[in-house]
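The values are calculated or read from the model by the stated rules, or taken from the named source; none is laboratory data. What you are looking at is a predicted structure, and each value in this text was computed from that prediction instead of being measured. Using ideal geometry, Cβ is built from the backbone for each residue, glycine included, and neighbour counts are taken over all protein chains shown.
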Amino acid sequence: MEALRKKARELLEGKAAAVVIGYGEGSGGKARAVFIRQPDKAATLILDDRCVQNLAVYLVKNEVKSLGKAAVVAQPSTLRTILQLASENQLTDGLVMALAVNNGQVLELTSFHAIEEYLNTAVPPSEAPGKARGLSAEDRAAVAKIEAMPREQRWQFWVNEFSRCMKCYACRAACPMCYCTKCVIESNQPQWIPVAPTGIGNLEWHIVRAMHLAGRCLNCGYCVEACPVGIRLNLLTQMLTDEIGGDFGAEAGFTAKREYALSMFKPEDKEDFIR
Amino acid sequence: MEKKILKKQSLGALFDAIKAGGRRLLGPVEKDGRTTYEEVSSPAELAKDYIQTTTSAKSVVFPACEEIVRWQNEGHDVKVADLKPQTTPTVVFGVRPCDAASFAILDSVFSWDYNDEFFRRRLENTTIIGLACTKSDEYCFCTSVELNPGDTRGSDLLLTPIDGEQYLVEIVTDKGKKLVDAAAKLFTPAGNESKEKVLAKVPVKFDQKKLTAKLPALFPKENAWVDQSLACLGCGACAFVCPACVCFDIQDESGRNGGTRLRCWDSCGFSLFTLHTSGHNPRPVQSQRWRQRIMHKFSYFPERLSHLGCVGCGRCSRACPADMNLVEHLSALVEAADGQ
Amino acid sequence: MADFEPKIIAFVCNWCTYAGADLTGTSRIKYATNVRMIRLPCTGRIDFMFLLKAFAQGADGIMISGCHPGDCHYTAGNFHARRRWIVFRRLLDFVGIDTRRIRFSWVSAAEGAKWAEMVNTFAEEVRQMGPYKDICKLDESQLQPVGA
Amino acid sequence: MVSENIYKPYKMRIADIREEAPAVRTFRLEFADEAEAKAFNFKAGQFGEYSVFGEGECTFCIASSPTRRGYIECTFRQAGRVTGALADREVGDIVGFRGPYGNTFPIEQWEGKKLIFIAGGIALPPLRCVIWNVLDLRDKYDDVTVIYGARSVADLVYKHELEEWGQRKDMHLYTTVDPGGETPDWKGKVGFVPKVLDDLAPSNANTVAIVCGPPIMIKLTLPILAKLNFTPEQTFTTLENRMKCGFGKCGHCNVGKVYVCKDGPVFTLAQLKELPAEY
């Protein structure tokens, strides 16, 4: 933590970064996103296992971009998000700096290539803080539990989950991959997904969201943290991520090259349901 | 105000009496770490230990989505139904005083010159049994917005658990009186029991009078608003859990033969809230939308409707995915005003 | 359930299955009348939401059909579609939507008989399953207030 | 209204459709219900919520004069979901209308005064309502002047009425189009509205200026009016903001302490100066 504060101070003092986006003490014992612009404020940075928000969400916001070059304190899932955003042409190489903390050391990753290298070599997936790869054990168990249910029960489970949705879009707002300035739910000629928080409206919203994130979700899990009514919607995208990894060998967020599983195909893709 | 005593063990009998009248009874129920108002039939179902429900009681009178117009297509003609709000007489048990007070705020907007029948009928059909707070958390700030943990305003009956065995019942309105009369034998006259000693101690966190007075002068300080709202993600969580947020959207949904027009919750924090069809957006950036939220509740509301648009329940801060703490921001604004 | 006639919506590609179904007709092969066909340029054009929309509007079964792999008029539309279906079908199943009610097939312009056989088999299967109201009945209770 | 439901629209039958300019149409709407037609009243400057059932509602001023009873007219540009659906309607079709809402131009207070209307593009409709209202009560007012400009000749709305106004002896009409927007047989002026106003240099004495137009026109016109010594109190405009309900509940049009739908849409420049520029 001290190393991180020191690094942040140096970056700001040396004008290598205009803002350090990191975590600070929040309310209720939570950590929160902080935007450090003065070197003497760097001492308020923290980094521990309360720091769960995916800060990459701020990198694509115009208000944050207008502050100047940003250095972002990056958990492994944040690093992967940066690469995925890069692969989708949402970030410019060299304009974003990631501060990765590993074994008490702070690494300045100033290019996408450096992030790629770090993720693919320096981080042993099992030892990385936060979620590096795949589902957490808890989520995996939750997915397995749902899969073990009879179909009708699965349906009831999700209908019940979706019925709480008020369409506040906190899931969308908290997700760094939901960067579209005009979301599909805002396409209203015709109104493709119903805006109202009704049964079908909610079902369609969560399904379309899951599909749009399939193969792009980085498993940071912040959508479910953000949801004020605790809908387990991360399970949808994470299950798909697992599935896509298994079926097509594609895993999001390990390269800045464009490799989106659902915009590619192989003639030998396997399925067992088309007659 | 007439006061009675109700034994905690009589609560079940009171619930029975309420439901016997054909009324729907809602109460706070805990499930998966959240507390929400659900239909209940016995006190055993109630959440034992809650400071605040996750979502407010607002939806009882102002549902997240309500049908306001319905029509049927008949060839080239359209038959528009005269839709009457369908409401079941409802009793909501365990409403915290802050939530109870929010109904007056909603009412002031929904009855402002034009009477919203949907809201009014629901409100008329709703009886609120308030439950005074004996505990609070760091997000609570009712005392900073002219309320208190034992406030009777907005409740029809206010219950205070004065000890482990009994509630002190304050009969606030005729509606409350009717409810007591329906189960008169459960209530005994109160002596000189006082609720003050059990009420939660909620410190005053900022000077609201000063805030309201200074906000117009703080409006043009763009940088201060940007600083406050950098972390804001622009979702509607704060507005949707807020018991006093009234803003709504009107949406049509139609099938082959007809359709409905729905009134759904909306939030001034969404970028689309003010977007014109032409593409012009009067509030194009998040800091302006954050400012609007604060100005509306703490400046415009008091000026136009003589009361605040906030009851200090603290839900917005609890729900915020970016931990935007309202009290913190309001205190900072008061401080900024001092610095002028 | 004896008098239940399932409603089946078929999303088919213009170049293979639609032509194939045409051939079924010109060959005077009779097949179940439960299917309503919606012609699209390519299976790649079949937005996954079409399926939900069809169920929401009261379909009891959905058929999706296009050119055999390698035969796409646009070279690779059906390859893309296949990947998307693999994922989407998995998602629907996970959410508890009855995927037995969605029949995917490759039917070429020359396979008029296969199309008739597909429709007949599927219509019979759906008839046995009965009406599917899971999704369309969601909105019957949609207008109840939260907490009601 | 008979119904207690404030959201229930009147059923209106489209009696006439006029093409005004590219993608701009005027609808004449008649009440499907005779009794509703008789009971309906409005004043110049008010607006309503027009709806296509299944697509939603949108907000326009009532463009016809309150002196012409039995119908209302609206003029709109096809731009979004609802206006797009409106544009698909035909004569005889049913649409919805709620209203009238909002405040009015204080035309009673203007009696005996000179009126100068300054409008640009698609912003003539809200003023057309007042202009016809005043022309129908012509004796009560002193000089009436209209300055109206559009990007091109094709973009001018109410072309037939402009012709009529141009021929009337009891009013002055100056039409102008942006440079390059003129046609070979264009007889009006060429140049921007503020320039035309500047050249005309009307006196501010006993005069009211009513301005409505795109933001850029307003921005450039106000300094000219100020130069001509028009005070903010004698300059009027009508605002539009995104609205949903039309009666001060939904919160969309809120600007400062003002609700455009309740306190507006008509404002004096003096009132506007009190508001944050969130419109």
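What the table below lists for this structure:
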read-out: Selection status of B:N125, more than 28 Å from B:P203 (Cβ to Cβ), modelled with pLDDT under 95 and away from chain D (no Cβ under 14 Å); value: yes
read-out: Condition met for A:A56 (crowded, with 23+ Cβ neighbours inside 10 Å, in the same structural domain as A:L107 (by TED's automatic domain parsing) and not in a helix (DSSP H, G or I)); value: no
read-out: Residues that are part of a loop (DSSP other than H, G, I, E, B) and without any contact (Cβ under 8 Å) to a residue 40 or more places away in the chain, drawn from the range C:1-58; value: C:A2, C:D3, C:R28, C:T33, C:P41, C:C42, C:I46, C:D47
read-out: Which listed residue is in contact with a Phe, Trp or Tyr (Cβ under 6 Å, 6 or more places away or on another chain), among the β-branched types (V, I, T) and not assigned by TED's automatic domain parsing to the domain that holds D:V130, from D:T83, D:T67; value: D:T83
read-out: Where B:S59 falls short, out of the listed (1) part of a strand (DSSP E or B); (2) under 19 Å from the mean Cα position of the chain (by Cα); value: (1)
read-out: Qualifying residue in the range D:16-24 (condition: of a type in the set (G, A, S), within 14 Å of another protein chain (Cβ to nearest Cβ) and in contact with a helix residue (DSSP H, G or I) (Cβ under 9 Å, 6 or more places away or on another chain)); value: yes
read-out: Enumeration of residues in the range C:64-117 that are more than 10 Å from chain A (Cβ to nearest Cβ), outside any helix (DSSP H, G or I) and at negative phi; value: C:C67, C:D71, C:C72, C:H73, C:Y74, C:S108, C:A109, C:A110, C:E111
read-out: Test result for B:T134, under 26 Å from B:L326 (Cβ atoms), more than 14 Å from chain C (Cβ to nearest Cβ) and touching a helix residue (DSSP H, G or I) at 6+ places or on another chain (Cβ under 7 Å); value: yes
read-out: Residues of the range D:31-53 that turn out to be touching a helix residue (DSSP H, G or I) at 6+ places or on another chain (Cβ under 8 Å) and within 14 Å of chain B (Cβ to nearest Cβ), as a count; value: 4
read-out: Test: residue in the range B:93-102 that is over 24 Å from B:E146 (Cβ atoms), without any contact (Cβ under 8 Å) to a residue 40 or more places away in the chain and in contact with a strand residue (DSSP E or B) (Cβ under 9 Å, 6 or more places away or on another chain); value: no
read-out: Members of the range B:62-86 found to be within 14 Å of chain C (Cβ to nearest Cβ) and assigned to a strand (DSSP E or B), listed by number; value: B:C65, B:E66, B:E67, B:I68, B:V69, B:R70, B:A81
read-out: Residue within the range D:237-246 that is touching a Cys at 6+ places or on another chain (Cβ under 6 Å) and among the β-branched types (V, I, T) present; value: yes
read-out: Enumeration of residues in the range A:176-207 that are hydrophobic (A, V, I, L, M, F, W, C), outside any helix (DSSP H, G or I) and either free of Cβ contacts under 8 Å to residues at least 24 places away in the same chain or at the interface with another protein chain (Cβ under 8 Å from one of its Cβ atoms) (or both); value: A:C180, A:C183, A:W192, A:I193, A:V195, A:A196
read-out: Matching residues, the range B:1-56, being within 26 Å of B:D107 (Cα to Cα), touching a Phe, Trp or Tyr at 6+ places or on another chain (Cβ under 7 Å) and either part of a helix (DSSP H, G or I) or among the hydroxyl-bearing types (S, T, Y) (or both); value: B:T35, B:T53
read-out: Any chance B:S56 is in contact with an Asp or Glu (Cβ under 6 Å, 6 or more places away or on another chain) and within 25 Å of B:G176 (Cα to Cα); value: yes
read-out: Residues (aliphatic (A, V, I, L, M) and either at pLDDT 90 or above or assigned to a loop (DSSP other than H, G, I, E, B) (or both)) located in the range C:126-148; value: C:V126, C:M129, C:I135, C:L143, C:V146, C:A148
read-out: Failed condition for D:W186, given (1) aromatic (F, W, Y); (2) within 20 Å of D:G121 (Cα to Cα); (3) buried (at least 16 other Cβ atoms within 10 Å of the Cβ); value: (3)
read-out: The range B:227-236, residues that are closer than 20 Å to B:L275 by Cβ and either within 14 Å of chain D (Cβ to nearest Cβ) or not in a loop (DSSP other than H, G, I, E, B) (or both); value: B:S229, B:G236
read-out: Pairs with Cβ under 9 Å, 6+ apart, first in the range B:239-250 and more than 7 Å from chain D (Cβ to nearest Cβ), second assigned to a strand (DSSP E or B); value: B:A239/B:W265; B:F240/B:W265; B:C245/B:W265
read-out: Positions within the range B:296-312 being buried (at least 22 other Cβ atoms within 10 Å of the Cβ), within 13 Å of another protein chain (Cβ to nearest Cβ) and outside any helix (DSSP H, G or I), in sequence order; value: B:G309
